[in-house]
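Here the structure is laid out as structure tokens; the discussion comes afterwards.
The values are calculated or read from the model by the stated rules, or taken from the named source; none is laboratory data. These numbers come from a predicted model, not from an experiment. Note: ideal-geometry Cβ built from the backbone for every residue, glycine included; neighbour counts use all protein chains shown. Calculation scope for accessible area: heavy atoms of the full protein, side chains included, ligands and nucleic acids excluded. Shrake-Rupley method; radii C 1.70, N 1.55, O 1.52, S 1.80 Å.
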Amino acid sequence: LPFALTDGQVDVLSEIEADLSTATPMSRLLQGEVGSGKTIVSLLAMLQVVDAGRQCALLAPTEVLAVQHARALTQLLSDAAVPATVVVLTGSMSQSTKKRALLDIVSGQADIVVGTHALIQEGVEFFDLGLVVVDEQHRFGVEQRDHLRSQGRNGVTPHLLVMTATPIPRTIAMSVFGDLDVSTLTERPANRAEVSTTVVPSDRGRWMERVWERVAEEARGGGRAYVVCPKIDDEAAGAPLASVSETAAMLRDLPATSGIGLEVMHGRLPAEEKAAAMARFADGHAPILVSTTVVEVGVDVPEASAMVILDADRFGLSQLHQLRGRIGRGSRPGVCLAVT
């Protein structure tokens, strides 16, 4: 690996390793702060299962996150020259691509299958599923999780690892009722930067000007900035909330930010457009991304250093926590501005 594992990651891995080497199916919850390195722990767990000749499924709540996981895992595996194959399965794939993926899964060609809810639909059959990893487990229902676990070969229940960055009452309930063993990652990897959060009252004109100047400074200085809005456009009735379309238009015209590359991202965009927007944001061609909460979970752009959350009072606490976790993932300190 291009980095050393933290002591916490090593400890958690040894717990998982012990579970995987018994005949009893593992049921383990991996809790860890945003950016504490859960993904790499899950990959190392999956490789132990692949080494034993079985398949793994990684279930992600959004298409953006599934594609990103697949890309990150493929990169890590190819850098380490590990010959495990990663296949993606999402709802918006073309029929021919989906068909090829399903064939790879049922024939055992695919070692690690990364997918969205598409993984739990009819017609998806595994050759020999040994481990199910669920990312952001609070976004899935218990029955959805269990559906994948019924996919083991000859009635053998696959191991289960569920991951969350948001400790929530339901998670506590599951632990209390003995459904899951709990592992917790308490350290942040050494090279992660700090994130400062400031609440900005939207009626302070000069403060708001400074918000957009700050975004421009980060974008021009090699960083990336997310601008998160509660809705896509102005069709929705109700309170006058910031929308992606309106905010993007405003930033293109604003003297502070005009001329800086900008992309938009929301759930209604076709998959190719989402992927293209994320790629332009990640590589710095468009260092400002105006988005809904589709970026809330797991999106990993190490250069991202600023986030503006518009109408921040409209989001729940765990959403704000997840959103803020998108910045400060590299060595640049992050600044989060919650406008309300």
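Structure notes:
Residue-by-condition table, conditions (1) open to solvent by 10 Å² or more (accessible area, probe 1.4 Å); (2) among the β-branched types (Val, Ile, Thr); (3) within 17 Å of the chain's Cα centre (by Cα):
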residue: 80; (1), (2), (3): yes, no, no
residue: 99; (1), (2), (3): yes, no, no
residue: 105; (1), (2), (3): no, yes, no
residue: 125; (1), (2), (3): yes, no, no
residue: 130; (1), (2), (3): no, no, no
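- Residue 236 being among the aliphatic types (A, V, I, L, M) and either at pLDDT 90 or above or in a helix (DSSP H, G or I) (or both): no
- Of the residues making up the stretch 36-55, just one is over 24 Å from residue 6 (Cα atoms) and hydrophobic (A, V, I, L, M, F, W, C), namely 52.
- Being under 18 Å from residue 38 (Cα atoms), at pLDDT below 95, out of contact with any His (no Cβ under 6 Å at 6 or more places or on another chain) and open to solvent by 40 Å² or more (accessible area, probe 1.4 Å) holds for only one residue in 332, 324, 314, and it is 324.
- Against the test of being among the aliphatic types (A, V, I, L, M) and either in a loop (DSSP other than H, G, I, E, B) or at pLDDT 95 or above (or both), the options 215, 162 yield a single qualifying residue, 215.
- Hits in the stretch 176-189 (condition: at pLDDT below 70 and among the hydrophobic types (A, V, I, L, M, F, W, C)): 176, 177
- In this structure, residue 51 qualifies as open to solvent by 20 Å² or more (accessible area, probe 1.4 Å) and without any contact (Cβ under 8 Å) to a residue 40 or more places away in the chain.
- Count of residues meeting criterion [assigned to a loop (DSSP other than H, G, I, E, B), more than 22 Å from residue 259 (Cβ to Cβ) and touching a strand residue (DSSP E or B) at 6+ places or on another chain (Cβ under 8 Å)] in the stretch 297-324: 4
- Residue, farthest from residue 158 (Cα to Cα), within the stretch 10-25, restricted to residues that are among the hydrophobic types (A, V, I, L, M, F, W, C) and under 25 Å from the mean Cα position of the chain (by Cα): 10
- Candidates in the stretch 245-277 are the residues that are charged (D, E, K, R) and in contact with a Leu (Cβ under 9 Å, 6 or more places away or on another chain); of these, the one that is least open to solvent (accessible area, probe 1.4 Å) is 263.
- Near pairs, Cβ below 7 angstrom, 6+ apart or cross-chain, from the stretch 1-28 (aromatic (Phe, Trp, Tyr)) to any residue that is open to solvent by less than 50 Å² (accessible area, probe 1.4 Å): 3/189
- Boolean, residue 285 is within 29 Å of residue 38 (Cβ to Cβ) and surrounded by fewer than 17 Cβ atoms within 10 Å (Cβ to Cβ): no
- Neighbours by Cβ (under 6 Å, 6+ apart or cross-chain): first from the stretch 118-136, without any contact (Cβ under 8 Å) to a residue 40 or more places away in the chain; second buried (at least 20 other Cβ atoms within 10 Å of the Cβ): 118/89; 118/90
- Boolean, residue 280 is touching a residue at least 60 places away in the same chain (Cβ under 8 Å) and open to solvent by 30 Å² or more (accessible area, probe 1.4 Å): no
- Contacts under 6 angstrom Cβ, first residue in the stretch 90-109 being touching a residue at least 60 places away in the same chain (Cβ under 8 Å), partner outside any helix (DSSP H, G or I) and open to solvent by 60 Å² or more (accessible area, probe 1.4 Å), 6 or more apart: none
- When each of 106, 64 is tested for being in a helix (DSSP H, G or I) and farther than 29 Å from residue 266 by Cα, the lone residue that passes is 106.
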